[in-house]
Amino acid sequence: MNFLQRTPFFRLLLPFILGIILYQFVELAQWSLYAMFVLSALLILISFVIRIPKQQFQFRWLFGCGIFLLMLSMAYALSGIREKSTAFDHLHQKGVYRVELISAPIEKAKSYLCKVEVLQYLDKDWKPAQGQAILYLQKDDAASRLLFGDRLLVGAEFTEPEKALNPDGFDYAAYLKRQGVGATCYIPSGTWQMTDRSTDFSVRREADKCRNYLLDVYRKFNIQGDEFAVLAALTLGYTDDLNPDLRASYSATGAMHILSVSGMHVGVVYIIIAFLLGFLDKSQRKKVLKAILIILFLWIYAFLSGLSAAVIRAALMFSFVALANCTGRKSQIYNTIFMSMFLMLLYNPFFLYDVGFQLSYAAVLSIIFFQPIVDKLYQPTNKITRMVWEIFSVSIAAQLGTTPFTLYYFQQFPSYFLLTNFIAIPLSSLVIYLAIFLFMVSSIAYLSDFVGLLLKWSLWLLNHFIVWIENLPYSVWHISLDVRQTIVLFLAIFCFSGYYLNRKFTPLVVGLTALLVACVFNLETNYHTLTSKRLIVYAGQKGTHVSFINRDKNYVYSADTVEVERIAKTFWQNQKLKKPCYIKKEKWFADGFAYFEGSRILILTTDFLKRKTTIEPIKLDYLIIGNHLKPKIGQILECIQSRKIIVDKSISKWYTEDIKHACSARRIGFYSVREQGAYVLDIKD
């Protein structure tokens, strides 16, 4: 049997994924979708009607084509249904709403993020409403006491989530849409009140209560700070206490997967339970009981860790593995993985775009395929050497499958990922074992104290080791890929894998060609960078940020260097620009005035033109207004004559509209960064 025959769920999954992608880029008419369903049904029906063996063999492709078309159209339809479920009533309607918290509040710097379900809207009397939203409640004592399931009355005006306004920026609106959220709103103190708490049964709310109880067990044994944050993330999927610096350290060293409850963590739990229940392997009936108990404990763990998408898919996959072992059949691991992936996408097609979903399955499939290959390269006889080599082979295998995704999403490659995994994987596994043991003995004095202390020191050692690796020279290589390069790199990996399996010439040629194409795409990006000159006004909340890009040199004017790096760093790396040079005064730039590649530009961030007059207006090509100014545009235009006025995002909506009307009346070009996104001007030689 070949690979396709042994993995029927792969054959179902491929057209299903194509249907989800098709929905993203192509809008099909309703009648064409119905036609696809009817055609697929006819093809499948005809394949069953044919009875003559020779004709059955001749037309065997009918059933395959019918299933392919059915899966593709089903995925397209389910994607549409899922997207419609995120539709939000009463956008841009200021009023009073009754909402219910459907997750635990998350503490931010100046607010509490609350995911809510909108229940009713007050319009003379209460009317039903639907949709999920993100509320940002201003920090106060009342907001800090809110819990999952609380119901509130809020005075609000819901708006659509903000789309990506900067080049290569994160599309927050698309992200929330795939999470089922259709609106956001900031709620100041005093404009909301808690009314009651939901009494309806909710699996997720009960899971949240159990997780909070277990977190309190950790706190009881004086596990605090970064140790608590890592322990809570590693064992229970609670990431709210992770500070940005600690996240960055784990990401830079290639250990970020440790902080997300997923396949590795569920696998450790599976191994522990299977070992403890090993005495049930004596008969087939006891093996069935063992499988049931393993599946039960796996889902209890998934329940306690908050039922995140990552842990659900891992629990689902290991449940199938347990069932396969129970029946005495050798688990066809690829089919098991594709089955769990198919069921996850059937439930929510937009899981396909989840970074964790992509990385998780890429890592698992890569480990299963490449680890045995790497493992055969060296066969140590010493047990310790053998253990070290197994960690090495697993790390190499996982990195092979996830590197294209890592470079595309995070633009960095951890140089010392092998060193990290040599220590981090055993230590994190030890932490999981100790945490489980601590829950079991938490009521036993002295023993629980000793286990808690051992756990705390293990976490301290893990964190300090990660920070030490991050501070090593050249710990991170900054490399970025675009979508095209990512696709062709995966194609190359797939083809080289095919060549290893069957030693045929064709996949080798295609793989080498894919690598060549990836290099050509890279050269194209470099050429574009070295021949382009651009002026970019970024969309920032805190201030004005402007890039003057001359080939690969990036001169940046910014009121807040932290914010501009956060919103523009990905773009700079993708364009392969040099490190930004923050300008205050240059030969071509002083006091906000710039002469760049033949264009006269003024960045107006102060009121220095207030009550000023000139004999003749200063002639400009571009006037950039920013830094939260409240400009009197009439006075400004008495002093300045500009071909175009660019208003950045820091200017309020009212003043933006005022400037827009003034520009329209005087026939001056106008651009609003708030409404249209970052202003990008390509300057031609």
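Please verify whether segment 514-534 includes one or more residues that are touching a helix residue (DSSP H, G or I) at 6+ places or on another chain (Cβ under 7 Å), surrounded by fewer than 17 Cβ atoms within 10 Å (Cβ to Cβ), assigned to a loop (DSSP other than H, G, I, E, B) and without any contact (Cβ under 8 Å) to a residue 60 or more places away in the chain.
No, segment 514-534 contains no residue that is touching a helix residue (DSSP H, G or I) at 6+ places or on another chain (Cβ under 7 Å), surrounded by fewer than 17 Cβ atoms within 10 Å (Cβ to Cβ), assigned to a loop (DSSP other than H, G, I, E, B) and without any contact (Cβ under 8 Å) to a residue 60 or more places away in the chain.
Please pick out the residue among E100, E27 that is within 31 Å of the chain's Cα centre (by Cα) and in the same structural domain as G155 (by TED's automatic domain parsing).
Answer to the selection: E100.
On the given criteria, is I368 surrounded by 14 or more Cβ atoms within 10 Å (Cβ to Cβ) and either of a type in the set (S, T, N, Q) or more than 22 Å from T86 (Cβ to Cβ) (or both)?
yes
Tell me which helices (runs of 4 or more DSSP H) are completely within segment 146-240 and hold 1 or more residues being touching a residue at least 24 places away in the same chain (Cβ under 8 Å) and farther than 30 Å from I81 by Cβ, or say none if there are none.
203-220, 225-236
For the structure I just gave you, tell me whether L419 is within 29 Å of L453 (Cα to Cα), surrounded by fewer than 19 Cβ atoms within 10 Å (Cβ to Cβ) and either touching a residue at least 40 places away in the same chain (Cβ under 8 Å) or of a type in the set (F, W, Y) (or both).
yes
Run down F589, F608, F593 and say which single residue is hydrophobic (A, V, I, L, M, F, W, C), surrounded by fewer than 17 Cβ atoms within 10 Å (Cβ to Cβ) and either under 29 Å from D552 (Cβ atoms) or outside the structural domain of T544 (by TED's automatic domain parsing) (or both).
Exactly one of F589, F608, F593 is hydrophobic (A, V, I, L, M, F, W, C), surrounded by fewer than 17 Cβ atoms within 10 Å (Cβ to Cβ) and either under 29 Å from D552 (Cβ atoms) or outside the structural domain of T544 (by TED's automatic domain parsing) (or both), namely F593.
Specify which of the listed residues (F228, F170) is in the same structural domain as Q138 (by TED's automatic domain parsing) and closer than 30 Å to L472 by Cα.
Among F228, F170, only F170 is in the same structural domain as Q138 (by TED's automatic domain parsing) and closer than 30 Å to L472 by Cα.
For segment 611-664, which positions are surrounded by 17 or more Cβ atoms within 10 Å (Cβ to Cβ), in a helix (DSSP H, G or I) and of a type in the set (F, W, Y)?
Answer for segment 611-664, where residues must be surrounded by 17 or more Cβ atoms within 10 Å (Cβ to Cβ), in a helix (DSSP H, G or I) and of a type in the set (F, W, Y): just Y655.
What is the one condition in (1) modelled with pLDDT under 85; (2) in a helix (DSSP H, G or I) that T381 does not satisfy?
Result: T381 fails condition (2) only.
Take segment 448-486 and flag every residue that is crowded, with 16+ Cβ neighbours inside 10 Å and either free of Cβ contacts under 8 Å to residues at least 12 places away in the same chain or polar (S, T, N, Q) (or both).
Answer for segment 448-486, where residues must be crowded, with 16+ Cβ neighbours inside 10 Å and either free of Cβ contacts under 8 Å to residues at least 12 places away in the same chain or polar (S, T, N, Q) (or both): S448, S458, N463, S475, S480, Q485, T486.
Considering only helices (runs of 4 or more DSSP H) fully contained in segment 8-110, which possess at least 2 residues that are of a type in the set (A, V, I, L, M, F, W, C)?
Answer list for segment 8-110: 8-25, 30-49, 61-84.
Just checking, which of K124, K163 is touching a helix residue (DSSP H, G or I) at 6+ places or on another chain (Cβ under 9 Å) and surrounded by fewer than 16 Cβ atoms within 10 Å (Cβ to Cβ)?
K163
Quick one: which residue in L22, L12, L42 is loosely packed, with under 15 Cβ neighbours inside 10 Å and either closer than 18 Å to R178 by Cβ or in contact with a helix residue (DSSP H, G or I) (Cβ under 8 Å, 6 or more places away or on another chain) (or both)?
The match here is L42.
Does V388 fit the bill of being in a helix (DSSP H, G or I) and closer than 21 Å to Y270 by Cα?
Considered against the rule, which asks whether it is in a helix (DSSP H, G or I) and closer than 21 Å to Y270 by Cα, V388 comes out as no.
The values are calculated or read from the model by the stated rules, or taken from the named source; none is laboratory data. Note that the structure is a prediction, hence the values are computed from the model and not measured. Neighbour counts run over all protein chains shown; Cβ positions are idealised from the backbone, glycine included.
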